[in-house]
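The block underneath contains the structure these notes are about, expressed in structure tokens.
Please treat every number below as a calculation from the coordinates, not as lab data. Please read all numbers here as calculations on a predicted model, not as lab measurements. So basically every Cβ, Gly included, is an ideal-geometry build from the backbone, and we count neighbours across all protein chains shown.
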Amino acid sequence: MRDTSPPAATLAPALAPSLVWLFAAAAGLCVANVYYAQPLLATLAHEFGMTDAGSGMVITATQTGCALALLLVVPLGDMLNRRRLTLVQLVLLGASLAALACATSTAALLAGMLLAGLLGTAMTQGLIAYAASVAPRHERGRVVGTAQGGVVIGLLLARTLSGVVTDLAGWRAVYLLSAVLSLALLLLLWRMLPPPAPVMKRLSYGALLASMLDLLKTNRVLQVRGVLALLLFAVFNIFWSALVFPLSAQGYSHTAIGAFGLVGVAGALGAARAGALADRGRAQWTTGAALLLLLVSWLPLAFAGSALWPLIVGIIALDLAGQAIHVTNQSLIFKDDSDAHSRLVACYMLFYAVGSGLGAIAATSVYALAGWHGVCALGAAVSLLALLFWRWTLPAEQA
């Protein structure tokens, strides 16, 4: 087969490794703000006089902020100067975290959580789009994969860090520490962020939001990869939402259950590799292999109630497959030079949000009816559906 890639001399210079890792670290620090509250619900409920059921409003407020960010804030990266927007959002995030640490009423707490979700999500997805927009086309998958690896590590370590800091200094220290880290990150980004790509087409805010509907209707890659993301994150949440039940029944503490999430760091380590394969034209091969691994991972997971090692093997396989698919999806939707990177990531992550919600609801319902093996059967069925959908849409996506 004739090599149609451009000669090395015509390739744009690669991003400095320090800048790529800065994008990854910044995305990880920002996304952590969305998840710090999860291990703190009992503590917050006690201090603010909420019932255990009422403490769920904390997570609801955070997730509402995430949804608002995807719909209303992340697309601004295609309209405004990305560098300036990123720095302003980070200032607002730091201020919101400091205010949250000082909250004395339930209303102030929930408002702070909403802003933490909104600005944490806007920063995270904005940085992913920023990295994609400044990366040369021939290494865009690797850059996005590395940045996404930072997101995974930030997400996984957020719960652990939150618990440790709370044990040492109280829950308010978690958000004060994050506010300080935001200030340090602000200085680094101010000094190191490259100039953004110029906005090729000026749109009003209303037209910007309306154009997201056009992207969803006309962008075939976004449609296919969005549905795969919906099914993928439904699978993730089927597993993680139900895992607490069999582990609790075996006597594991909340700390030990949370530690199983750290096993998923292996997935982050494979994320950049998946992006690099996409850069070399192996995106479909990677997708197919990862979807098969996703399906097979449910076999060892089905034995989680009887032995520890199958659970660990299954978690590594599930997370490695999931991150490979997620990074490949993003590499493909960002493949072409475009002035719509922020809108593309916002649309894509909306599929993620829908899949996550459906998976969590389905997992708890199925566990109540059929136990852990029923959950594993559901996860395997959705994984198989994702594999069949990919195979069915492969000819159209390659066209």
- Want the number for Thr106 to Arg391: 0.36 nm per residue separation, take away the alpha-carbon distance, what's left? 97.7 nm
- Task: Rounding to the nearest 20 debye, state how big the charge dipole of the chain is about its Cα centre with +1 on each Lys and Arg Cβ and -1 on each Asp and Glu Cβ.
- Result: 840
- Message: I want to verify a result. In a Gaussian network model of the chain, Cα cutoff 10 Å, which of these has the top mean-square fluctuation: Leu295, Leu232, Leu213?
- Response: Leu213
- Query: Using the Kyte-Doolittle scale, which helices in the chain average at least -1.0 and also have C-alpha atoms spread 27 Å or more along the helix axis, with helices defined as whole DSSP H runs?
  - Reply: 17-35, 82-101, 106-134, 140-169, 171-192, 220-249, 308-333, 341-398
- Message: Need the full-extension length gain, Ile312 to Ala381, defined as separation in residues times 0.36 nm minus the C-alpha distance. One decimal, nm.
- Response: 22.7 nm
- Shape call for segment 15-199, from the Cα gyration tensor axes a ≥ b ≥ c (a/c under 1.5 means rounded, otherwise prolate when a/b beats b/c, else oblate), comes out prolate
- Neighbour-count order for Ser133, Ser306, Ser365, Ser96, fewest beta carbons within 10 angstrom listed first: Ser306, Ser365, Ser133, Ser96
- Provide the FRET efficiency to the nearest 0.05 for the Thr218-Trp285 pair, computing r from the beta carbons and using R0 = 25 Å. 0.40
- What's the FRET efficiency of Thr364 with Leu262 using the Cβ-Cβ distance as r and R₀ = 35 Å, to the nearest 0.05? 0.90
- Expressed as a rounded percentage, what relative contact order does the chain have, with Cα pairs under 8 Å and six or more residues apart? 24
- Extension reserve of the Leu157-Asn81 stretch, reckoned as 0.36 nm per residue once the Cα distance is removed: 24.3 nm
- Task: Quickly work out the Val244-to-Glu47 label distance, labels modelled 7 Å from Cα along the C-beta direction, and quote it in nm with one decimal.
- Result: 2.0
- Using a ≥ b ≥ c from the Cα gyration tensor of the chain (square roots of the eigenvalues), is it rounded, prolate or oblate, where a/c under 1.5 gives rounded and otherwise the larger of a/b and b/c decides, a/b for prolate? oblate
- Query: Which residue, chosen from Val73, Leu176, Ser96, occupies the Cα position most advanced towards the positive end of the dipole of the chain, where the dipole is computed from +1 (Lys, Arg) and -1 (Asp, Glu) charges on Cβ about the Cα centre?
  - Reply: Val73
- Three principal axis extents, largest first, for the C-alpha atoms of segment 164-207, in Å? 51, 29, 13
- Task: Please tell me the relative contact order of segment 15-199 in percent, rounded to the nearest whole number, where contacts are Cα pairs under 8 Å and at least six residues apart.
- Result: 40
